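Student: Sharing a structure here in structure tokens format.
The values are calculated or read from the model by the stated rules, or taken from the named source; none is laboratory data. Keep in mind that what you see is a predicted model, and the values were worked out from it rather than measured. Ideal geometry is used to build each Cβ from the backbone, glycine not excepted, and the neighbour counts take in all protein chains shown.
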Amino acid sequence: MNKTYDHKAAEDRIYKIWEDSGYFHAVPNPDKPPYCIVIPPPNITGQLHMGHALDNTLQDILIRYKRMNGFEALWLPGTDHASIATEAKIVEQMAQEGITKADVGREEFLKRAWKWRGVYGGRIVNQLKKLGSSCDWERERFTMDEGCNRAVIKVFIDLYNKGLVYRGNRIINWCPGCLSALSDIEVEYKEQNSFLWYVRYDAPDKSFSITVATSRPETILGDTAVAVHPDDERYKALVGKEVIIPVVNRAISIVADEYVEMAFGTGAVKITPGHDPNDFEVGQRTGVPAIRVFTDDGHMNENAGEFAGMTLMECREAFVKALEKGGALVKTEPYAHNVGTCYRCGTTVETMISDQWFVKMAPLAKPAIEVVKNGGIQFVPKRFEKTYFNWMENIRDWCISRQLWWGHRIPAYYCDNCGEITVRDTMPPKCPKCGHAGLRQDEDVLDTWFSSGMWPFSTLGYPDDTEELRYFYPTSMLVTGYDIIFFWVARMIVFGMEVMGKHPFDTVFVHGIVRDALGRKMSKSLGNGIDPLEVIEKHGADSLRFSLITGNAPGSDMRFFWEKVESAGNFCNKIYNAARFVLMNIGEEANPDGTNCGEANPNETNPDETNYVINPALFGLTDKWILHKLNGVIDEVTTNLDAFDLGLAAQKVYDFIWSAFCDWYIEMAKPRLYGENAAEKAHVRAVLRYVLIQSLKLLHPFMPFISEELYRHIPGAKETIMLAGWPERDDAYAFDAETDQMEQLMELIRAIRNMRAEMNVPPAKRIALLLMPQPGYEKIFSESAIYLNRLAGVEKVHICTDKAVIPQNAVSIVSPAAEAFAPLDQLMDIEKERERVEKEIVRVQSEIARAKGKLKNTGFMQKAPAGVVQDEKNKLQQNEEMLQKLFERKENLG
RNA sequence: GGGCGCAUAGCUCAGUCGGUUAGAGCACCUGCCUUACAAGCAGGGGGUCAUAGGUUCGAGUCCUACUGCGCCCACCA
């Protein structure tokens, strides 16, 4: 084995083995509990970015954990057709050839789109594999595949028949860039600096006038009323009267509506029901008509008279000039307001009246709210439930038709003869109402999110009643960023409750956004994105995964740092070398015949492991300590994973492997390992092997590649670590007393090391040590000479009880369980020694003061748990004993 | 306007049920190429846990207020 770990050589090879073996495949199995995660389907246009990397790392950790834990764990992968995004790409590609959608027509366009999907749709799938994702690729789905298509069409029809999907002429958001309607959440509001124009509308006979304020003067062309508040004394008398729109010279009436804020502007509002959602509602209430003055592609239409054909901005400029010229512009003031933009293309979104399909949300939202309220679905972290409720409780109808070609075509058929609309899965041969033949299908497609909302059941077989659907639905877990709770999670819950009558998943695990090192969102326009594939190439998928999940709280944003990935890479190397060390002692190289690794154990369940038997009769202090600690880390990691504290869990594994196993156990195993006692050697090898195996298993969900790679090198290991079973605590290895003793020994070793550093004892210099253990620690310390030798450079340990034998130029080491003296001869520096002792006295004294204060407090003594009080007492006693020794020492120094 | 989050070491962040002397990584200082690992080892410095109150025997942790950032929703034209 090399001295350093080579992720490049290992990762692709290991993934190939996994894929070929079928370990990721899950089938309904009545003997096992199901566990299922459906992947948030990445867009076929997409390339793996840090958001995917994080999202899929979390899912893979959970799936691998559950798989090892005996669940039939299905991670169901797939991709999303991404209607708008993909169509934009195809249009762009065609533009390079100099052709447009209209040139090729619908059929040809769709051919191109499917072809495009064939070429690029698999790209992100391969990138997910690079990350180590253990998806069941045999079950890969696509939102526009045959099954998903059937699900979408059926749900649309069923909802239509229930009156929950309807067609209506209503105010919608229109993106002039995408040339399509958008739903409300597809509009992002951004603040822009603009102006507020005050415009005067005169009475036909000039007997009075009323001034309104507007941020969008071009919409004056579509004005059909001026509204005032019914209680506004200033305008009460004017309600019902007419005014003339300046420039346009059209008469409109003054209406009263409570929507108007008296305090804002002039307290009078121009009403443009055709292009403003609030005005639309005022129009509905007051019976004022709507006039559309914009075209679909962002120009003024024929209703704009002399301004027709201009873009909206050109019109604004021209119209303001005309107002000025006509003397109707009262004043202009700077004004910052929010402008809606398309979340896909960034174009300013226009609101306009249009014939579209909608989902009636209020009745559907009810059960979707209820199921979260009563705990049927839990959000982790819980605070996101509030976000969800807030949105759901104020839900508005969802515009689902898109004026695009790439997507699920709306199964509605129009009769041009009688106007009847027929909604069914295939084209009716003739109109069911009037018998007219030659119906016309709706040209539009459905919002992408309409189909992804069915993902948890459409992928499991719906509308068919499949075994998978019965076994895996409701799914267990949905992992996603908080930014798509509305887009996706809410819709899935709505459809799950409506279509399946059951919640689609038990838990929603919400994570944050991966930002750049400066805390900015990664974006194409900023060019600050980090390519996960580059990170994997440089440091390995394991390192990337580990860096993404450690050191941040669930649900909060994080920053990407190369240093963090590097440090995870260092951890890989650490594990690799620890394993290499163990394998050098137990592996084929060390024991070609496999016979000298321990006695056969007849009770061993895995016959392959019989050569590596831990022999309790040979337990030393360090063995008991590491096994006890192993129990602890198994408990903690399991608890953390069950509570979805993945970062904490990973940290625990890291600390155990590095700080306990590598820093202490391996070092302390060496004397016995290199000793002469064959039985003892075999036993230590067995412990090393056991702890290594358990560590790798604990590590596997987080760092699947290196844990699998190393595991497979271990003699007697199973075929794959994925089938090795999640570690469980072994109560035979509960050693509280020995763990305490070991920790005291570690404390002493640290104290000696500290002394050596402070007294400038050269590392190579071996020292002698006169050791006086506290009662109860005599045996342990007298047996620990090998450890003091190896870890603290102590050549010879003399256990003694009489201080008279201590030479003058020895330094003292005071630790809670022992006092020690190291004769340093010419290295002895009395002044330094005095400083050390005095420093230590100050520290211990403050500790004593603190403990005494606590113990004097009657409230503490009465109310604190007995264990806490006892700990405090023990500490105090220990410190008082130490203090006494320190004082004696100081005395002796003169 | 409504809601949410954050503030802890020079930097980026953890901190589970309120309970030892508040931790990690990186950075910094000192010393080591010790035969698993220099991508390493050992030792060290560095904190009034934003501020002010409160609850409690005990608060980084719970409550209230306040300050400063950030985000989401709503849209007073």
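Student: Applying the selection to the stretch A:540-562, what residues are closer than 18 Å to A:N528 by Cα and away from RNA strand B (no atom under 11 Å from the Cβ)?
Tutor: Once the filter is applied, which keeps residues that are closer than 18 Å to A:N528 by Cα and away from RNA strand B (no atom under 11 Å from the Cβ), the stretch A:540-562 yields A:L544, A:L548.
Student: Would you check if A:A412 is over 30 Å from the mean Cα position of the chain (by Cα) and touching a residue at least 40 places away in the same chain (Cβ under 8 Å)?
Tutor: yes
Student: In addition: From the set of residues in the stretch A:461-488 that are part of a helix (DSSP H, G or I) and more than 25 Å from A:P28 (Cα to Cα), which is nearest to the chain's Cα centre (by Cα)?
Tutor: A:Y482
Student: Any idea which of A:L48, A:L58 is closer than 18 Å to A:F702 by Cα, within 24 Å of the chain's Cα centre (by Cα) and of a type outside the set (K, R)?
Tutor: Going through A:L48, A:L58 in turn, the sole match is A:L58.
Student: Same structure, new question: Condition check: modelled with pLDDT under 95 and over 30 Å from A:T347 (Cα atoms). Does A:R234 satisfy that?
Tutor: Yes, satisfied.
Student: Could you please tell me which pairs satisfy a Cβ distance under 7 Å, a separation of 6+ or placement on different chains, a first residue in the stretch A:741-755 that is in contact (Cβ under 8 Å) with a residue 60 or more places away in the chain, and a second residue that is within 9 Å of RNA strand B (Cβ to nearest atom) and not hydroxyl-bearing (S, T, Y)?
Tutor: A:Q744/A:P816; A:M746/A:W664; A:E747/A:P816; A:I752/A:A792
Student: Could you tell me which of the residues A:A268, A:A263 is surrounded by fewer than 21 Cβ atoms within 10 Å (Cβ to Cβ) and of a type in the set (A, V, I, L, M, F, W, C)?
Tutor: A:A263
Student: What are the residues in the stretch A:856-894 that are within 9 Å of RNA strand B (Cβ to nearest atom), of a type outside the set (V, I, T) and in a helix (DSSP H, G or I), if any?
Tutor: If the condition is that a residue be within 9 Å of RNA strand B (Cβ to nearest atom), of a type outside the set (V, I, T) and in a helix (DSSP H, G or I), then A:G859, A:F860, A:M861, A:Q862, A:K863, A:G867, A:D871, A:E872, A:N874, A:K875, A:Q878, A:N879 are the ones that fit.
Student: In the stretch A:657-702, what count of residues is obtained for those that are over 22 Å from A:P715 (Cβ atoms), more than 12 Å from RNA strand B (Cβ to nearest atom) and buried (at least 23 other Cβ atoms within 10 Å of the Cβ)?
Tutor: Looking only at that region, the number is 2.
Student: Additional query: Pairs needed: first member in the stretch A:810-829, closer than 16 Å to A:N760 by Cα; second member anywhere, away from RNA strand B (no atom under 15 Å from the Cβ) and acidic (D, E); C-beta distance under 8 Å; at least 6 residues apart or different chains.
Tutor: A:V811/A:E833; A:S812/A:E819; A:S812/A:E833; A:I813/A:E819
Student: Regarding A:I536, is this residue surrounded by 21 or more Cβ atoms within 10 Å (Cβ to Cβ), closer than 16 Å to A:L48 by Cα and among the aliphatic types (A, V, I, L, M)?
Tutor: yes
Student: What tally of residues in the stretch A:507-530 results from selecting those that are in a loop (DSSP other than H, G, I, E, B) and within 11 Å of RNA strand B (Cβ to nearest atom)?
Tutor: Of the residues in the stretch A:507-530, 7 are in a loop (DSSP other than H, G, I, E, B) and within 11 Å of RNA strand B (Cβ to nearest atom).
Student: Within the stretch A:162-186, restricting attention to residues that are among the aliphatic types (A, V, I, L, M) and over 21 Å from A:G283 (Cβ atoms), which residue is surrounded by the most Cβ atoms within 10 Å (Cβ to Cβ)?
Tutor: A:V165
Student: So is A:D205 in contact (Cβ under 8 Å) with a residue 12 or more places away in the chain, part of a loop (DSSP other than H, G, I, E, B) and not hydrophobic (A, V, I, L, M, F, W, C) or not?
Tutor: no
Student: Further, regarding this structure: Of these, A:E872, A:E831, which one is farther than 17 Å from A:P807 by Cβ, surrounded by 13 or more Cβ atoms within 10 Å (Cβ to Cβ) and not hydroxyl-bearing (S, T, Y)?
Tutor: Every option except A:E872 fails the conditions.
Student: Oh, and also: When A:T211 is evaluated against the numbered criteria (1) under 50 Å from the mean Cα position of the chain (by Cα); (2) within 11 Å of RNA strand B (Cβ to nearest atom), which criterion, by number, is the only one it fails?
Tutor: Result: A:T211 fails condition (1) only.
Student: Which members of the stretch A:64-123 meet the condition of being of a type in the set (S, T, Y) and assigned to a helix (DSSP H, G or I)?
Tutor: A:Y65, A:S83, A:T86, A:Y120
Student: Ok, one more. If you take the residues of the stretch A:443-472 that are touching a strand residue (DSSP E or B) at 6+ places or on another chain (Cβ under 9 Å) and either surrounded by fewer than 17 Cβ atoms within 10 Å (Cβ to Cβ) or of a type in the set (A, V, I, L, M) (or both), which of them is nearest to A:L404 (Cα to Cα)?
Tutor: A:V445
Student: Now, a different point. Which residues, taken from the stretch A:830-847, are within 10 Å of RNA strand B (Cβ to nearest atom) and touching a residue at least 12 places away in the same chain (Cβ under 8 Å)?
Tutor: A:V844, A:E847 - these are the residues of the stretch A:830-847 that are within 10 Å of RNA strand B (Cβ to nearest atom) and touching a residue at least 12 places away in the same chain (Cβ under 8 Å).
Student: Looking for something surrounded by fewer than 17 Cβ atoms within 10 Å (Cβ to Cβ) and in contact with a Lys or Arg (Cβ under 7 Å, 6 or more places away or on another chain) - is there at least one such residue anywhere in the stretch A:309-328?
Tutor: No: the stretch A:309-328 contains no residue that is surrounded by fewer than 17 Cβ atoms within 10 Å (Cβ to Cβ) and in contact with a Lys or Arg (Cβ under 7 Å, 6 or more places away or on another chain).
Student: Filter the stretch A:280-304 for residues that are in contact (Cβ under 8 Å) with a residue 24 or more places away in the chain and closer than 19 Å to A:V239 by Cβ; which is farthest from RNA strand B (Cβ to nearest atom)?
Tutor: By that ranking, first place goes to A:P289.
Student: Condition (residue is within 21 Å of A:V293 (Cα to Cα), within 15 Å of RNA strand B (Cβ to nearest atom), touching a helix residue (DSSP H, G or I) at 6+ places or on another chain (Cβ under 8 Å) and in a strand (DSSP E or B)) applied to the stretch A:215-236: is it met by at least one residue?
Tutor: yes
Student: Also, quick follow-up: Select from the stretch A:259-279 the residues that are near RNA strand B (Cβ under 9 Å from one of its atoms) and of a type in the set (G, A, S) and list them in ascending order.
Tutor: Across the stretch A:259-279, the qualifying residues are A:A263, A:G265, A:G267, A:A268.
Student: In a strand (DSSP E or B), out of contact with any Pro (no Cβ under 9 Å at 6 or more places or on another chain), buried (at least 18 other Cβ atoms within 10 Å of the Cβ) and in contact (Cβ under 8 Å) with a residue 12 or more places away in the chain, is that true of A:W197?
Tutor: no
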